[in-house]
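Below: one structure, written as structure tokens.
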Amino acid sequence: MFVGRERELKALETVYSKRGLGMTVIYGRRRVGKSTLIREFVKDKKVIFYTATKVGAERNLELFARQVLDVLDPVYRDAAFSSVESVFDVITKKVADDRKTVLVIDELPYWAEKEEALLSVLQKYIDTQWSDKNMMVILCGSALSFMEKKVLSEKSPIFGRRDSQIKLEPFNYRDSALFVPNYTPEQKAICYGVTGGVARYLALLDANASLDDNIIRLFFNTDGYLFDETRNLLTQEFTDVTLVNNIIEQVASGENTLNLISAKVHEKEPTVLYSLEKLMDAGLIEKKKCITEEKNKKKTQYILRDHMFKFWYQFIPKAISVIEMGQGQLYYERVVKPQIHSFMGSVFEEMCRYYTLEQGIKGNFGPFITETGTWWGVEQLTDDKGKRIRKPADIDVVGLSAIDKKAVIGECKFKNEKIDKEIYETLIRRSKLLSGNYDIVKFLLFSLSGFTKWFDSAEIPGTALITLDELY
């Protein structure tokens, strides 16, 4: 089943419909659905679809040539070629004028890293041989840093040749729900939380099975696809798996500054920073900044961008022995399920920020919101004895309108209890901590379980009460 990606398919069709040669670059983290998107796009088209592998330049050339001949000249499919140019010459001669041919090179970095001239040769043929050919070229890769630095940057031989580029991201929470259409909003949200919106993981869900059964089957069985997925991904991406694994463990547990992570893994800060940057390149970790103080380096945190990784590191390492003894279901029911709402806290906040930006762009909260994020700092309170104390404080959702210097702020609760007036009063109090550069015009309260009766009669102008149902 193929779901979503309407905008990306439309973008590809736009390039396909162009006269002569068109080229698109598609990139994104592993398992996000790049190859599936391309296959959906080319299913009714004439296509040469080659997926490179880690087999060296000569073997990739051999396999690519066979794929080209299978489509353009099957009689000679076993012919040998000594260079990429000779195979591209076949494409030049055999591409028909009456029907557009799509040339796809998937996992391009596997080949281009071993064949340094590949991109330069490709550039030569794009400029001199294929410019008037009825062709579309799609270059695709999972190595984000390679695709950005070697394919898309100004230093790339093919810079300026592409008609479009698509950085494919995981599905948002609403599109993720298309994989389990009959689930309740709460179940859909949890599915999004444990898969991170990654297409491959969502496709593994059985829409006819219960939420619990899906999680147990995928995570808490030794043959479950996601039981060992984090190690599989790290092994593919990194040479020093032990260090990156240790770093992710610390980030997942809440150690989110460079000095704290470095101290915990017993490595120097430059070494840890290098691995963090690689993890960011792989789309697994992101650098989070306080939205109103983005230039303040002291207010920088590293967090897990991938929700599935966070779920895995929170629950699986402690359960390995139990799962290997065949008691994963018992562990899930006794340990994981009671904590699932707590785990979903940060996921729900991210969902609410997406919703706030989406609605804010439409002007539904008043100002034209162009950016969302979080704020954190300290606040001064008075204890029971009248003594002034300083305590950490944060605001889950901050939406900013850079144009008219207005803001909306919100609090999110994914709990089996209703939001009461204390949450509202805390949000009002903390609103005064934000930078004076923004006028706060709307207060948002997001709740899984609704709101207490206090809100029925309270006069709270400029406040929106938003349930999970409304997010969907």
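The values are calculated or read from the model by the stated rules, or taken from the named source; none is laboratory data. What you see is a predicted model; the values in this text were computed from it and never measured. Here the Cβ positions follow ideal geometry from the backbone for every residue, glycine too, while neighbour counts run over all protein chains shown.
Can you find a residue in the range 201-216 that is touching a residue at least 40 places away in the same chain (Cβ under 8 Å) and either in contact with a Ser or Thr (Cβ under 7 Å, 6 or more places away or on another chain) or more than 22 Å from residue 338 (Cα to Cα) (or both)? Yes, that holds for at least one residue.
Among the residues of the range 69-106 satisfying the criterion of being of a type in the set (Lys, Arg) and under 38 Å from the mean Cα position of the chain (by Cα), which is surrounded by the fewest Cβ atoms within 10 Å (Cβ to Cβ)?
99
Here's the yes/no breakdown for (1) of a type in the set (Val, Ile, Thr); (2) within 27 Å of residue 205 (Cβ to Cβ); (3) assigned by TED's automatic domain parsing to the domain that holds residue 198:
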site: 308; (1), (2), (3): no, yes, yes
site: 327; (1), (2), (3): no, yes, yes
site: 335; (1), (2), (3): yes, yes, yes
site: 339; (1), (2), (3): no, yes, yes
site: 353; (1), (2), (3): no, yes, no
site: 366; (1), (2), (3): no, no, no
site: 371; (1), (2), (3): no, no, no
site: 399; (1), (2), (3): no, no, no
site: 412; (1), (2), (3): no, yes, no
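Within the range 450-472, residues that are within 15 Å of residue 419 (Cα to Cα) have Cβ atoms under 8 Å from residues that are of a type in the set (Asp, Glu) and assigned to a helix (DSSP H, G or I) in these pairs: 468/186, counting only partners at least 6 apart in sequence or on another chain.
Residues in the range 347-370 that are among the small types (Gly, Ala, Ser) and buried (at least 18 other Cβ atoms within 10 Å of the Cβ): 360 only.
When you check residue 206 against the structure, is it closer than 22 Å to residue 35 by Cα and assigned by TED's automatic domain parsing to the domain that holds residue 278, yes or no? Judged against the criteria, residue 206 is a match. Do we have any residue at all in the range 255-268 that's hydroxyl-bearing (Ser, Thr, Tyr) and at pLDDT below 95? Scanning the range 255-268 turns up at least one residue that is hydroxyl-bearing (Ser, Thr, Tyr) and at pLDDT below 95. Residue 54: closer than 23 Å to residue 37 by Cα, out of contact with any strand residue (DSSP E or B) (no Cβ under 7 Å at 6 or more places or on another chain) and either not aromatic (Phe, Trp, Tyr) or not assigned by TED's automatic domain parsing to the domain that holds residue 140 (or both), yes or no? Yes: the conditions hold for residue 54. Residues that are free of Cβ contacts under 8 Å to residues at least 24 places away in the same chain, under 19 Å from residue 345 (Cβ atoms) and aliphatic (A, V, I, L, M) within the range 397-443 comprise just one, 423. Applying a threshold of 6 Å to beta carbon distances and a minimum spacing of six or more residues, or different chains, the list of pairs starting in the range 44-55 at a residue that is more than 18 Å from residue 9 (Cα to Cα) and ending at one that is of a type in the set (D, E, K, R) and crowded, with 18+ Cβ neighbours inside 10 Å reads 51/106; 51/107; 52/107.
Could you check, for the range 179-194, whether at least one of its residues is acidic (Asp, Glu) and within 30 Å of residue 47 (Cβ to Cβ)?
no
Taken as a whole, the range 305-320 holds no residue that is more than 23 Å from residue 351 (Cβ to Cβ), of a type in the set (S, T, N, Q) and surrounded by fewer than 21 Cβ atoms within 10 Å (Cβ to Cβ).
When 127, 175 are checked against the criterion of being part of a helix (DSSP H, G or I), touching a residue at least 40 places away in the same chain (Cβ under 8 Å) and surrounded by fewer than 19 Cβ atoms within 10 Å (Cβ to Cβ), a single residue qualifies: 175. Taking the conditions exactly as written (of a type in the set (Val, Ile, Thr) and free of Cβ contacts under 8 Å to residues at least 12 places away in the same chain), does residue 101 satisfy them or not? No; evaluated as a whole, the condition is false for this residue. When the range 86-96 is filtered for residues that are touching a Lys or Arg at 6+ places or on another chain (Cβ under 8 Å) and farther than 18 Å from residue 42 by Cβ, only 92 remains. Can you spot a residue in the range 62-69 that is in contact (Cβ under 8 Å) with a residue 40 or more places away in the chain and over 25 Å from residue 163 (Cα atoms)? The answer is no; no qualifying residue exists.
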